[in-house]
1. If I210 satisfies every condition in (1) surrounded by 22 or more Cβ atoms within 10 Å (Cβ to Cβ); (2) at negative phi; (3) at pLDDT 95 or above but one, which is the exception?
2. When you go through (1) in a helix (DSSP H, G or I); (2) surrounded by fewer than 24 Cβ atoms within 10 Å (Cβ to Cβ); (3) more than 16 Å from ligand 2 (Cβ to nearest atom) one by one for E301, which number turns out not to apply?
3. Within region 141-171, take every residue that is buried (at least 19 other Cβ atoms within 10 Å of the Cβ) and more than 16 Å from ligand 3 (Cβ to nearest atom) and give me the one that is nearest to H287 (Cα to Cα).
4. Right, I237: out of contact with any helix residue (DSSP H, G or I) (no Cβ under 6 Å at 6 or more places or on another chain) and within 29 Å of I91 (Cβ to Cβ) or not?
5. When only residues in region 275-294 that are in a loop (DSSP other than H, G, I, E, B) and surrounded by fewer than 24 Cβ atoms within 10 Å (Cβ to Cβ) count, which is nearest to ligand 3 (Cβ to nearest atom)?
6. When you scan region 215-269, how many residues do you find that are in a helix (DSSP H, G or I) and under 24 Å from the mean Cα position of the chain (by Cα)?
7. Please tell me if A134 is within 14 Å of ligand 3 (Cβ to nearest atom) and buried (at least 23 other Cβ atoms within 10 Å of the Cβ).
8. Could you tell me how many of the residues in region 323-372 are among the charged types (D, E, K, R), farther than 17 Å from K267 by Cα and either exposed (fewer than 10 other Cβ atoms within 10 Å of the Cβ) or at pLDDT 90 or above (or both)?
Amino acid sequence: MFFPSACRLFRFIVRTRVRMSPNITSAPTGVLFEGETVEDTTIVAPEIQKEKPQYVRQIVWRNVIIFVYLHLTALHGFYRIFTSAKLTTTIFAFFLYQLSGLGITAGAHRLWAHKSYKAKWQLRLLLTTFNTLAFQDAVLDWARDHRVHHKYSETDADPHNAKRGFFFAHVGWLLCRKHPDVKQKGKGIDLSDLESDPILAFQRKYYMFIMPLICFILPTVIPVFCWDETWSNAYLIPAVLRYVVTLNATWLVNSAAHLFGSKPYDKFINPSENGGVAFVALGEGWHNYHHVFPWDYKTAELGNYRCNLTTAFIDFFAKIGWAYDLKSVSTDMVRKRVERTGDGSHEVWGWGDKDQPQEEREGAIITHQKAQ
Ligand code: ST9
Ligand code: ZN
Ligand code: ZN
């Protein structure tokens, strides 16, 4: 038979060439010959195993201490609201919460991380100031993590992977070193658009000077000099309490809005529609929609500003020309997606929606009907 003898000849040639090679080692080739068996299957795998180091959670105790301190101090501030602080101080703190929130929602999130609209330098400067007031690290770092979050959602490469539980997604991810996958996958994310913005480069370069000034010093000094508040109340309420509230409102988007709520647009993903989170996070709780259409500047399908102050803010600046190229999703595109992957909880989008009740169709008044 030609075929077996040809095989034997080929094997002989290969083995002879191998023996003759000056660089040959005894390392296994992984190629099996007739009659050979593999005794230990793991022998071909070590190189592959070495590539992916085993992840061991490493707690950053410095961050644990700082966040515990901040939260306890914020509680003290909350107590002072009802005991000794002036009403103006509390109103001021609330106002700063809205401004710092907009620095995250309209700035870091919708403008920079998602490019869902464009902004003139005046608005970018304003948003960078608000963003620094929020102290969630430089926009460049925030947007890098957030782009990774969207691209690798609910995997080890997601910085606040909600599959690791509510606490990890909420704050735990800031208390330990990142999973190596976050850094590895993050390296593939294009940030050239943000790196070329001089305002963002300035913010990152001088962050450790401007952040303490805008986030803590000014909110403390203004109430003392403008309406005679005490130093401690000014520090505890508009500086620390306001900062901690804004942080938790933001973190709820990663925790609660990734775990609780309906999924009218895509039932196969974790992010959900959560009205409570949308309320505290200035319109960022409509998270099922947002993960399906991350480039919509409204981060929601809502046509109104209820629970979406950020959209009102962007629309206002679009009116005066500082915001432009606002991107949003057409009703038809939404409808198709709802029909394809929604969980059935989507509100009726209009006439003919599959969820429109029959009695509504029959009872509707249709005027000016076309003559038969
Ligand atoms: C904060 C952020 O709270 C909150 C963000 C929440 C996002 C929510 C999004 C939801 C939607 C929007 C809703 C808005 C709602 C707003 C409502 C408002 C009312 N890719 O990070 P390091 C590399 S911040 C590629 O130190 P460690 C890179 O080389 C609070 N590479 O990692 C980097 O060096 P460099 C205040 C990456 O050592 C190097 O690794 N801030 C990536 O594992 C080291 O990076 C804090 O408390 C990546 N994605 O440490 C600080 N990441 O930067 C907390 C890293 O020079 N953070 N690399 O290029 C830390 O202390 C540390 O980051 C750590 C990890 C301990 C957590
Ligand atoms: Zn998310
Ligand atoms: Zn997003």
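1. With respect to (1) surrounded by 22 or more Cβ atoms within 10 Å (Cβ to Cβ); (2) at negative phi; (3) at pLDDT 95 or above, I210 is out only on (1).
2. Here E301 meets the rest and fails (1).
3. Looking at the filtered set, the residue picked out is H170.
4. In short, no.
5. My answer is P294.
6. Total satisfying the criteria: 20.
7. Against the criterion (within 14 Å of ligand 3 (Cβ to nearest atom) and buried (at least 23 other Cβ atoms within 10 Å of the Cβ)), A134 does not qualify.
8. Going through region 323-372 one residue at a time, the tally reaches 6.
The values are calculated or read from the model by the stated rules, or taken from the named source; none is laboratory data. Values in this document were obtained by computation on a predicted structure and should not be read as measured data. All Cβ positions, glycine included, derive from the backbone under ideal geometry; neighbour counts span all protein chains shown.
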